[in-house]
Structures are given as structure tokens and as C-alpha cells.
Amino acid sequence: MDGYPHEKQAMSLAERRVAEAFVVAMRADMSDAPYGAPFAAQPTQPEWLIVSRWGLSAEYLSVSRTGQAAPGDGAAPANLQPRQTFFGVRTAGPAVEPCFLLLRHLPADMPVAGMFMPTDGFVRLVGPTHLLGLVAAGRHAHMLGRRNGLPLCADVPCPPEGAEGARAWGITAQRRPWLGDFVERSIGATVA
């Protein structure tokens, strides 16, 4: 169990499971890099995220950037709202640290809060739920536009010349107390 924090090493496998349905706030440290050089990441300002998991098989995950700076290690502000949202579908693997593949296209009839951001990448959740952490990496290429007066991001197969929005990124985040928390108790999930 090398690499696990000391408080997790004493937990049983069941105690380390991540809840199957939740909405939580996380303080994220993000990095930003050129699309073609994700290894050349530069740190950016810490930001609050809203992370949600749901579905009949706990198969969906959304990670929403709020645009609000996250100084310090305190509780999340009550007024967080999703602005830009990555959407993922769970991959096969252990329930203890589920991994999600981020998508370039939303499934049919799948609404998300905030503006959907077409993305290639992954998100791994590291439990238990009361100590929930998140590690993610990816890159997105999109064109910004407007439809019916609202901002819109459109997926492009390869970043066109001059597409400043085409970036690679990395995120490490940790759950923080938040007034908007919701964690559903489910079989096999430890919650706090």
C-alpha cells in the first residue's frame, strides 16, 4: 500500500470505497499546458470545483470549474455554481478508486450544469468519500461561439491554428466542507 496516506493504510477495502452518488465541492490545484505539450504544464491559481457522480450503475461523473479562486484550506463558499463542465463515463476497474473517461460529446439527452467542455482525458477518484480526492488530466480543443445568445463550445477534431482554447491541463483536488454537499448512502459505499 505504498503511496497511500497513513490514515488510509489502516482502512479496509470496503472503508476505502467511493460513494456511488454525490455532489461535493473540491479545492483544486490545476496546471495548464499547450495542447501538444502536456508535459510543459504551468501551475495556475487554485480553484473551487463541483464534482458530481450519478447513474443507475454510478457510471457518470461531471467535474465543473466554478471560476472562483480557492485560497487556503477552509470550507468552500456556499454560492458555488458550475461554469465549465467536463463529463465522464466510468471505465471497467475497481470500485475502490473508480476511473472515468472524459468525453468529447455528451450522450444524447444528457444535460450538464454550466457549459459543456469537449475533452479527451481521465478522472480518477480516490476515496474514502469523507477524504475524497481527485486526479485528472486531459486536453480539450474547442471553438467558442454563441447560439441563441448563449455561449457555446464546439468540438473540433484537431485544434485549428489560432485556437487559444486548445489546451492540455491537469488537476489534483481534495474534498472540502460545503453547504451544497449531497452524498447518497448506497450498498458498498462508505460516506461521511
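Worth pointing out:
- Every pair of residues 6+ apart whose Cβ atoms lie under 6 Å, when the first sits in the range 115-135 and is within 11 Å of Leu103 (Cβ to Cβ) while the second is among the aliphatic types (A, V, I, L, M) and not in a strand (DSSP E or B): Phe116/Leu106
- Hits in the range 56-73 (condition: of a type outside the set (Phe, Trp, Tyr) and surrounded by 13 or more Cβ atoms within 10 Å (Cβ to Cβ)): Ala58, Glu59, Leu61, Ser62, Val63, Ser64, Arg65, Thr66, Gly67, Gln68, Ala70
- All positions within the range 91-103 that are in a strand (DSSP E or B) and either without any contact (Cβ under 8 Å) to a residue 24 or more places away in the chain or more than 12 Å from the chain's Cα centre (by Cα) (or both): Leu101
- Verdict on Gly88 being without any contact (Cβ under 8 Å) to a residue 60 or more places away in the chain, at positive phi and part of a strand (DSSP E or B): no
- Candidates Gly88, Gly74, filtered to the one that is modelled with pLDDT under 95 and under 17 Å from Gly133 (Cα atoms): Gly74
- Residue in the range 104-113 that is out of contact with any Cys (no Cβ under 9 Å at 6 or more places or on another chain) and under 19 Å from Val183 (Cα atoms) present: yes
- A residue that is of a type outside the set (Asp, Glu), without any contact (Cβ under 8 Å) to a residue 12 or more places away in the chain and touching a Cys at 6+ places or on another chain (Cβ under 8 Å) cannot be found anywhere in the range 41-55.
- Any chance Arg147 is under 14 Å from Phe22 (Cβ atoms), at pLDDT below 70, out of contact with any Pro (no Cβ under 9 Å at 6 or more places or on another chain) and not hydrophobic (A, V, I, L, M, F, W, C): no
- Residue count for the range 29-85, restricted to those that are in a strand (DSSP E or B) and of a type in the set (Phe, Trp, Tyr): 3
- Boolean, Leu125 is aliphatic (A, V, I, L, M), surrounded by 17 or more Cβ atoms within 10 Å (Cβ to Cβ), farther than 21 Å from Arg27 by Cα and modelled with pLDDT of 90 or more: no
Residues checked against (1) at pLDDT below 85; (2) surrounded by 14 or more Cβ atoms within 10 Å (Cβ to Cβ); (3) at negative phi:
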site	(1), (2), (3)
Ala19	no, yes, yes
Met26	no, yes, yes
Gly36	yes, no, yes
Ala40	no, no, yes
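- Condition check for Leu106: over 15 Å from Val24 (Cβ atoms), within 16 Å of the chain's Cα centre (by Cα) and part of a strand (DSSP E or B): no
- Of residues in the range 99-108 being modelled with pLDDT of 95 or more and of a type outside the set (A, V, I, L, M), the one nearest to Leu132 (Cα to Cα): Cys99
The values are calculated or read from the model by the stated rules, or taken from the named source; none is laboratory data. Computed from a predicted model, the values in this text were never measured in an experiment. Every residue, glycine as well, gets a Cβ built from its backbone with ideal geometry; the counts of neighbours run over all protein chains shown.
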